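Participant: First the structure, then my questions, so here it is.
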Amino acid sequence: MTFDRAFFERSALDVGPSLLGAILTHHGVSVRITEVEAYIGDGVDPGSHAFRGRTRRNSSLYGPPGHLYAYFTYGMHTCANIVCAPEGTASGLLVRAGTVVDGIELARSRRLTSRTDDDLARGPARLTVALGIHLAEDGSDLNQPPFDLVVPSSQADYRTGPRTGISGPGGGAAYPWRFWIPGERSVSPYKKSPKVEQNPL
DNA sequence: CATTAGATCGTCT
DNA sequence: GACGATCTAATGA
């Protein structure tokens with residue numbers, strides 16, 4: 001065990017910044033997390049998969065904190081979330097980007113289209129491929145093999161901005177619920193200098 | 001570097 | 001039946 005369950009029992013908005021710099025490991029590849037997005041549950045967050053309540057797909061988002069929520073999208077991509085908040089509350093952090101710190105050869109072999117090492121885990125779907133995370137692992141405990149997650153002991157320097165890739169009425173991108181470590185080349189290139197707005201919560 | 005189009009299918013309405 | 005919490009290749013400045 002490399003993290004306390006209590007670490008993820010808080011709101012994703014609080015866990016987000018403190019998770020930056022964490023090391024996520026899966027089947028021979030380790031990544032230092034450099035960018036995440038918070039999604040808070042059920043009815044309050046139009047951008048969340050759980051906005052309209054519990055379904056088969058998003059059910060692990062309601063599960064125990066510190067577990068994996070993996071989903072399939074755009075007909076070809078799998079993305080990974082870390083479940084936050086107490087069990088029963090749908091909240092999570094989409095892991096958007098990271099730097100490969102171990103198993104880089106294996107990561108390269110999984111991401112043959114990647115031209116540079118900076119691109120190996122830049123973007124949520126790419127990161128999932130680099131780590132070799134499969135959709136079938138949805139719901140897995142990140143504190144148990146083949147996963148491992150080491151959370152930082154101190155708060156890293158970070159920035160906030162609007163979430164990316166969210167559309168629809170109500171504008172799920174309205175709030176600065178994206179967190180990243182400045183100066184990291186692995187952060188998503190999209191909307192690099194977003195306007196920072198007030199956090200409504 | 002910036003913008004754009006196409007790919008592709010599970011999930012929910 | 002419509003639409004993604006996206007990525008890549010291609011094109012133009």
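Participant: Pick from segment A:99-118 the residues that are among the β-branched types (Val, Ile, Thr) and assigned to a strand (DSSP E or B): which of them is nearest to A:Gly132 (Cα to Cα)?
Facilitator: A:Val100
Participant: Would a scan of segment A:128-140 turn up a residue that is more than 16 Å from DNA strand B (Cβ to nearest atom), more than 30 Å from A:Arg52 (Cβ to Cβ) and in contact with a Leu (Cβ under 7 Å, 6 or more places away or on another chain)?
Facilitator: yes
Participant: Could you please give the count of residues in segment A:36-48 that are touching a residue at least 40 places away in the same chain (Cβ under 8 Å) and either touching a Ser or Thr at 6+ places or on another chain (Cβ under 6 Å) or in a loop (DSSP other than H, G, I, E, B) (or both)?
Facilitator: Count: 8.
Participant: Residue by residue through segment A:64-81, note down the ones that are under 30 Å from A:Arg111 (Cα atoms), more than 12 Å from the chain's Cα centre (by Cα) and not in a strand (DSSP E or B).
Facilitator: Result: A:Pro65, A:Tyr74, A:Gly75, A:Met76.
Participant: A follow-up question, please. Being modelled with pLDDT of 95 or more, among the aliphatic types (A, V, I, L, M) and more than 20 Å from A:Ser140 (Cα to Cα) is the filter here, so list the residues in segment A:3-56 that pass it.
Facilitator: Once the filter is applied, which keeps residues that are modelled with pLDDT of 95 or more, among the aliphatic types (A, V, I, L, M) and more than 20 Å from A:Ser140 (Cα to Cα), segment A:3-56 yields A:Leu13, A:Leu20.
Participant: Follow-up question, since we're still on this one. Within segment A:49-63, which residues are not in a loop (DSSP other than H, G, I, E, B) and not hydroxyl-bearing (Ser, Thr, Tyr)? Steps first, answer last, please.
Facilitator: Taking segment A:49-63 first, the residues not in a loop (DSSP other than H, G, I, E, B) are A:59-62.
The one that is not in a loop (DSSP other than H, G, I, E, B) and not hydroxyl-bearing (Ser, Thr, Tyr): A:Leu61.
Participant: Sticking with this structure for a sec: Identify the residue in segment A:138-177 that is outside any loop (DSSP other than H, G, I, E, B) and among the hydrophobic types (A, V, I, L, M, F, W, C) and, among all such residues, is modelled with the lowest pLDDT.
Facilitator: A:Ala173
Participant: Give me the pairs, please: first residue somewhere in segment A:115-127 and closer than 12 Å to A:Ala80 by Cβ, second residue anywhere and in a helix (DSSP H, G or I) and away from DNA strand B (no atom under 16 Å from the Cβ), beta-carbon distance under 6 Å, and either six or more positions apart or on two chains.
Facilitator: A:Ala121/A:Leu127; A:Ala121/A:Ala130
Participant: Examine segment A:18-26 for a residue that is away from DNA strand B (no atom under 12 Å from the Cβ), buried (at least 19 other Cβ atoms within 10 Å of the Cβ), at positive phi and in a loop (DSSP other than H, G, I, E, B), and state whether such a residue exists.
Facilitator: Within segment A:18-26 (the criterion being away from DNA strand B (no atom under 12 Å from the Cβ), buried (at least 19 other Cβ atoms within 10 Å of the Cβ), at positive phi and in a loop (DSSP other than H, G, I, E, B)), the answer is yes, since at least one residue qualifies.
Participant: Just to be sure before I move on: is A:Leu112 within 16 Å of DNA strand C (Cβ to nearest atom) and touching a residue at least 60 places away in the same chain (Cβ under 8 Å) in the structure I sent?
Facilitator: So A:Leu112 fails the test.
The values are calculated or read from the model by the stated rules, or taken from the named source; none is laboratory data. Just so you know, these numbers come straight off a predicted model, no measurement behind them. As a convention, Cβ positions derive from the backbone with ideal geometry for all residues, glycine included, and neighbour counts pool all protein chains shown.
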